[in-house]
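A.B. asks: Quick one: structure below, then a few questions.
The values are calculated or read from the model by the stated rules, or taken from the named source; none is laboratory data. Because the structure is predicted, anything quoted here is derived from the model rather than measured. Backbone-built Cβ (ideal geometry, glycine too); neighbour counts: all protein chains shown. What goes into the accessible areas is simple: the full protein's heavy atoms, side chains included, and nothing from ligands, DNA or RNA. Shrake-Rupley method; radii C 1.70, N 1.55, O 1.52, S 1.80 Å.
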Amino acid sequence: MRTADVIVAGAGPSGLRVAARLAAAGLEVRVLERKARVGEAVVCTGIVGREVFGAFGLDRGAVVGEMQTVRLVSPRETEFVYTHPRPFACIVDRERFDGGLAEAAAAAGAVVVCGARVEGAAAGPGGVEVAVRHRDGGLERERAKLLVLATGVDFALQKRLGLSAPADFLMGAQVECAHPGAATAALYFGREVAPGAFAWSVPAGPGRARVGLLTRKDPKARLRAFVDRSLGGPSVREEGPVRVRPVAQGLLPRTCGDRVLAVGEAAGQTKTTTGGGISYGLACADLAAGTALDCFRRAAFGPADLAAYERRWKELLSREILVGQLTRRMCARLSDGRIESLFELARTDGLVPIIRATADFDRHSDLIFALLRRLSFMSFFRDVRDRLGPFCAS
Ligand SMILES: Cc1cc2nc3c(=O)[nH]c(=O)nc-3n(C[C@H](O)[C@H](O)[C@H](O)COP(=O)(O)OP(=O)(O)OC[C@H]3O[C@@H](n4cnc5c(N)ncnc54)[C@H](O)[C@@H]3O)c2cc1C
């Protein structure tokens with residue numbers, strides 16, 4: 001039986017980052033990825049805050065564009081253009097981005113195996129044993145001292161090992177389009193377009209865009225209707241398959257257990273406002289690696305030893321996840337008429353300085369509270385603010 005210090009299930013950004021950190025510290029790390037290659041057919045728009053590259057020492061080779069201006073489009077097609085004082089985000093090619101992280105993990109000494117699906121896992125006193133299904137159908141067992149679940153929105157292993165899985169998901173759908181007019185990123189709101197969330201068109205190279213939406217139901221049909229009706233014009237053409245993927249929502253109570261911890265979307269570490277998860281996953285991967293290294297120093301991998309990880313990541317993200325989720329749920333009840341009046345307010349009533357002063361690409365709660373304070377003359381938003389009261393004080 002093959003053995004290692006750590007097995008990481010899943011070679012997305014979160015798993016690859018943990019693997020790189022642990023391998024760099026001298027541990028023997030195996031990353032098992034079910035897909036045939038890292039980054040294959042990832043459903044993602046690839047927007048990350050600009051700071052991510054410096055904060056995590058990442059190469060910018062996967063960057064295909066930067067964002068400084070966003071066009072917001074209301075249900076009645078009123079436009080509001082917001083330009084930030086400086087570029088605030090980068091658009092990356094996810095396959096190259098993940099590929100760069102895989103190279104970094106391999107350079108640190110981790111072994112990345114593709115076409116290897118972790119089907120089962122069980123922890124015992126001497127270690128954790130996993131069942132690995134290979135692409136040729138063969139089943140192998142591998143053993144390690146610690147298992148890291150970085151499986152994205154696949155929560156099957158968490159359920160088997162007694163970790164939490166989300167009760168709430170949004171559905172994301174995206175398609176690559178030829179879109180000659182798509183020089184600026186645009187967000188579209190309204191009950192017709194994407195009830196409960198929003199749709200987008202984000203430039204992805206000359207004359208091309210990633211067009212997608214988040215919603216609760218019928219993501220594929222809604223995306224097709226959006227491309228036809230809202231983007232309109234014969235020049236906008238789908239140039240690939242529409243890919244659909246759920247996005248985890250909510251704060252998960254239990255993200256570690258006996259010899260196992262979950263990281264990234266596998267631990268629900270995603271922005272509940274927008275569904276973005278790359279930067280939270282990378283940040284929590286570093287926290288997971290820190291706790292794992294402490295455990296290896298003490299040769300203790302029980303739930304109490306790994307609990308420090310859960311404490312640390314929740315200190316960092318609980319407020320963002322809970323405030324975002326509550327706000328988004330309440331905003332899902334906004335009528336198109338109320339969305340129109342918000343656009344009008346944005347145009348005329350001083351919301352822009354609040355956004356400029358408070359917006360942070362990855363942490364939205366301060367902006368949410370600042371906007372709610374400004375909008376509290378409307379009973380709907382006063383109500384939202386009151387419900388978020390406990391978080392406001394923290
Ligand atoms: C339409 C859409 C657009 C998005 N746009 C953005 C965006 O612009 N910016 C952003 O930050 N986030 C975005 N996201 C979210 C982002 O894609 C995820 O948060 C991010 O990929 C999570 O990274 P991860 O490493 O935790 O998981 P993943 O990237 O999902 O990686 C998990 C890996 O585990 C593998 N795996 C799963 N189960 C097993 C198993 N049993 N054994 C072995 N391997 C397994 C999977 O094949 C996968 O490669 C978007 C999501 C959607 C749906």
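A.B. asks: Go through the range 59-78 and give me each residue that's open to solvent by 30 Å² or more (accessible area, probe 1.4 Å) and farther than 22 Å from THR358 by Cα.
C.D. replies: ASP59, ARG60, GLY61, VAL63, VAL64, PRO75, ARG76, GLU77, THR78, listed by residue number.
A.B. asks: Could you tell me whether the range 365-382 includes any residue that is surrounded by fewer than 17 Cβ atoms within 10 Å (Cβ to Cβ), aliphatic (A, V, I, L, M) and in contact (Cβ under 8 Å) with a residue 60 or more places away in the chain?
C.D. replies: No.
A.B. asks: Name every residue in the range 86-115 that is under 23 Å from ARG259 (Cα atoms) and surrounded by 21 or more Cβ atoms within 10 Å (Cβ to Cβ), in order of residue number.
C.D. replies: ALA105, ALA110, VAL112, listed by residue number.
A.B. asks: Still on this structure: Give just the number: which of (1) modelled with pLDDT under 95; (2) within 18 Å of GLU265 (Cα to Cα); (3) hydroxyl-bearing (Ser, Thr, Tyr) does THR45 not satisfy?
C.D. replies: Exception for THR45: condition (1).
A.B. asks: Read through the list (1) surrounded by fewer than 21 Cβ atoms within 10 Å (Cβ to Cβ); (2) more than 11 Å from the ligand (Cβ to nearest atom); (3) within 22 Å of LYS271 (Cβ to Cβ), then give the number of the only condition that LEU163 fails.
C.D. replies: (1)
A.B. asks: Next up: Given the options ALA304, ALA300, name the one that is outside any helix (DSSP H, G or I) and open to solvent by 20 Å² or more (accessible area, probe 1.4 Å). First the steps, then the outcome.
C.D. replies: Working: ALA304 fails: outside any helix (DSSP H, G or I).
Answer to the check: ALA300.
A.B. asks: Please list, ordered by first then second residue, the pairs with beta carbon atoms under 6 Å, 6 or more apart or interchain, first in the range 81-101 and within 20 Å of ALA346 (Cβ to Cβ), second buried (at least 16 other Cβ atoms within 10 Å of the Cβ) and of a type in the set (Val, Ile, Thr).
C.D. replies: From the range 81-101, the pairs are TYR82/VAL70; ALA89/ILE47.
A.B. asks: Pairs needed: first member in the range 116-135, open to solvent by 20 Å² or more (accessible area, probe 1.4 Å); second member anywhere, acidic (Asp, Glu) and at pLDDT 95 or above; C-beta distance under 6 Å; at least 6 residues apart or different chains.
C.D. replies: Listed pairs, sorted by first residue: ALA122/GLU129; ALA123/ASP258; ARG133/GLU119.
A.B. asks: Starting from residues that are open to solvent by 40 Å² or more (accessible area, probe 1.4 Å) and in a strand (DSSP E or B), keep the ones in the range 136-160 and report whichever is farthest from the ligand (Cβ to nearest atom).
C.D. replies: The qualifying residue farthest from the ligand (Cβ to nearest atom) is LYS145.
A.B. asks: Outside any helix (DSSP H, G or I), within 14 Å of the ligand (Cβ to nearest atom) and either open to solvent by less than 40 Å² (accessible area, probe 1.4 Å) or among the polar types (S, T, N, Q) (or both): which single residue out of GLY324, GLY276 fits that description?
C.D. replies: GLY276
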